[in-house]
Structure formats: structure tokens, C-alpha cells
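In what follows, a single structure is set out as C-alpha cells and then discussed.
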Amino acid sequence: MKKRTILFISIVLFIAVLGLIYSIYLLNGNNDLKLIPNLNLSNIPSSKPLTKQFIQNYTVSNGTYPKYITINRIGLENIPVISLGLLANGSIATPDNVFETGWYKNSALPGNKGAMFIYGHVSSWTSKGVFYNLKYLTKGDLINITNGEGKIFRYIVQNVRIYPYNSVNMNQVLSPINPNLPGLNLMTCTGSVIKGTSEFNQRLVVFASLSS
């Protein structure tokens, strides 16, 4: 009886693992992104969908802060922008949820001189993240940022660049592509997952300038 119980549990676990692998396969489709589970669960963002009520009631602590980002080109409308600081190791924090974006609070405010930096996840183990389709943006596409006072700032994409994950030029990423105009720079992961981790081997950055 005991052997049968152990066998049954083993079969159930095996089926569960196959189900997880299959769900990841379906999510990737023909895309070049590969979602590979990482046994380190401490840095895995939540995949809990944001409710309409949460999005509608979302507020920021300062009216000049970015509140929502809208990119019609890739189907994003009024996505909450949370405020992010630095981690203990000096790197910029990332959103706790794959469906939120994060504004680095030491970067520029909407419409202000300098560059506003916003990060969004590309995916989790089983879900496409908010910036999953960011790679489809091209020069001339429009990005709208709504601040806490309801004012909309329109930015136009100027360039899209890809960096190796371990050699991102943060001076470029945190600077406006056109020094004469306020900038907006969006970042996400891209490429393929480094074996044995949940880390992608590239970073994609979209550089945009405020519409004059």
C-alpha cells in the first residue's frame, strides 16, 4: 500500500512538471523569448493581473509624478507607473508585478529636462509582462505619460537599442537621446534566458523625446 502511495505521488508530480513546461512552451510560441524557471524564488515578480478597479483608483504621492503610461501601438492603455528607488547593491529596483511599470524616482519628471526612465518586465514564468511587445516599437511611435494631475505628455520614439545584460550603458539609458528635448527611456529584458537562472542575456531600451 505504501509503495502504491509513493508511486501515485510520483506520477502526480511528474504530470505537474510536464504541465508547467508545456504552459511555458505555449506562451513562447514562435517568439525568441524563452521562459526558463529559476529555483531562486526571491526575485520572481508577481503575475497577479491588475483589476480595473485598482487601475482606476491608482494614485501617486505627488501630482508631478508619472501615473499612467499608454502605448497604443502595442495595446497598453493607462498602465500604472509606480515609483522605484535603488536596491542595497546600488541597482535600480524593478516592479513587484509583471503588469506594472516602474519609474526611477531619481530620473526626470514628465515634461522636465533630462530623461524619465521607466522599466517594465518582459515576462514571468507563465505570463507575458507589460513590456513583452516593447520590441515592436519603431521610430515615430507615440508614448503618452499621464501625471498625477491628469496632464498628458506625448513622447515620440526616436530609436531602439539592445545591450548585453552585463554592459548596459547607464549614462545613455538615463540621458535624453536629444539633449535639447525632455526624454523618455523605456527598458525591458530581451534575448534568451541565461541557463540556470531567470536572467535574460540582453536589455532593450526605447529612446523617445517629448513632442514639440
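The values are calculated or read from the model by the stated rules, or taken from the named source; none is laboratory data. Here the structure is a predicted model, which means the values were calculated and not measured. Note: ideal-geometry Cβ built from the backbone for every residue, glycine included; neighbour counts use all protein chains shown.
Can you find a residue in segment 52-75 that is polar (S, T, N, Q), in a loop (DSSP other than H, G, I, E, B) and at pLDDT below 95? No: zero hits. Residues of segment 175-190 that are under 15 Å from residue 120 (Cα atoms) and over 14 Å from the mean Cα position of the chain (by Cα): 184 alone.
Within segment 44-97, track down each residue that is among the acidic types (Asp, Glu) and either touching a Leu at 6+ places or on another chain (Cβ under 7 Å) or touching a residue at least 12 places away in the same chain (Cβ under 8 Å) (or both). Talk me through it step by step, then tell me what you get.
Step one: of segment 44-97, the residues among the acidic types (Asp, Glu) are 77, 96.
Result: 96, single match.
State the number of residues belonging to segment 147-187 that are out of contact with any Ser or Thr (no Cβ under 9 Å at 6 or more places or on another chain), in a strand (DSSP E or B) and either hydrophobic (A, V, I, L, M, F, W, C) or crowded, with 19+ Cβ neighbours inside 10 Å (or both). Matching residues across segment 147-187 total 1.
For segment 100-139, give me each residue that is of a type in the set (Gly, Ala, Ser), buried (at least 21 other Cβ atoms within 10 Å of the Cβ) and either part of a strand (DSSP E or B) or within 12 Å of the chain's Cα centre (by Cα) (or both). Of everything in segment 100-139, those that are of a type in the set (Gly, Ala, Ser), buried (at least 21 other Cβ atoms within 10 Å of the Cβ) and either part of a strand (DSSP E or B) or within 12 Å of the chain's Cα centre (by Cα) (or both) turn out to be 102, 115, 120, 123, 129. Right, residue 160: of a type in the set (Val, Ile, Thr), touching a Leu at 6+ places or on another chain (Cβ under 7 Å) and in the same structural domain as residue 47 (by TED's automatic domain parsing) or not? Yes; evaluated as a whole, the condition is true for this residue.
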